[in-house]
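The values are calculated or read from the model by the stated rules, or taken from the named source; none is laboratory data. These numbers were taken from a predicted model, which means no experiment stands behind them. Counting neighbours? That spans all protein chains shown, and the Cβs are built from the backbone with ideal geometry, glycine included. For accessibility, only protein heavy atoms count, side chains too; no ligands or nucleic acids. Shrake-Rupley method; radii C 1.70, N 1.55, O 1.52, S 1.80 Å.
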Amino acid sequence: MARKKPLLSEKDKQIGAAFHHARARAKAQNIPFNITLEYLRETAGDVCPILGTVFDWGISGLGAGKFKPNGPQLDRIIPELGYVFNNVAFISHRANRIKDNGTMDEHYAIADWIWESTHVKTGTTAPVSDRYYRE
């Protein structure tokens, strides 16, 4: 009697697909790749670490090349380092689009402009966590 494959959750399916796509991109772009499928399964949370939104695991159903705003995507934290341990994380599609290719200084400049344009008149200080201080 043939063994049946275990049914995978939408999360497991998407993690597997992200792993295989990352490996292919790394090979095509000649960038480092040493992560494992097990590592991704262990580190994939259920909430976007940037925006705090709950991930919407599974295919978008919106058509080819369309993504759900809260759909998780595998991101290289520092793109030049490649797909290596401690340099990848699942973040929401929305966070990934916001992050896109801007530098840290550019993101701070945007945040500063928004703050100055909307809150400077009230005389309050920016609610910045200790983890966001910059030199």
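What the table shows:
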quantity	calculated
Condition met for LYS99 (surrounded by 11 or more Cβ atoms within 10 Å (Cβ to Cβ) and touching an Asp or Glu at 6+ places or on another chain (Cβ under 6 Å))	no
Residue within the range 1-11 that is within 15 Å of the chain's Cα centre (by Cα) and open to solvent by 80 Å² or more (accessible area, probe 1.4 Å) present	no
Sole residue being within 16 Å of GLU10 (Cβ to Cβ) and either free of Cβ contacts under 8 Å to residues at least 12 places away in the same chain or exposed (fewer than 10 other Cβ atoms within 10 Å of the Cβ) (or both), chosen from LEU74, LEU62	LEU62
Lone qualifier among GLY52, GLY45 - being surrounded by 11 or more Cβ atoms within 10 Å (Cβ to Cβ) and assigned to a loop (DSSP other than H, G, I, E, B)	GLY45
Qualifying residue in the range 46-61 (condition: at pLDDT below 95, among the aliphatic types (A, V, I, L, M) and within 17 Å of GLY16 (Cα to Cα))	yes
Where a residue in the range 27-39 is open to solvent by less than 100 Å² (accessible area, probe 1.4 Å) and its partner, wherever it lies, is of a type outside the set (A, V, I, L, M) and assigned to a strand (DSSP E or B), with Cβ under 9 Å and at least six apart	ILE31/ARG76; ILE31/TYR83; PRO32/TYR83; PHE33/TYR83; ASN34/TYR83; ILE35/TYR83
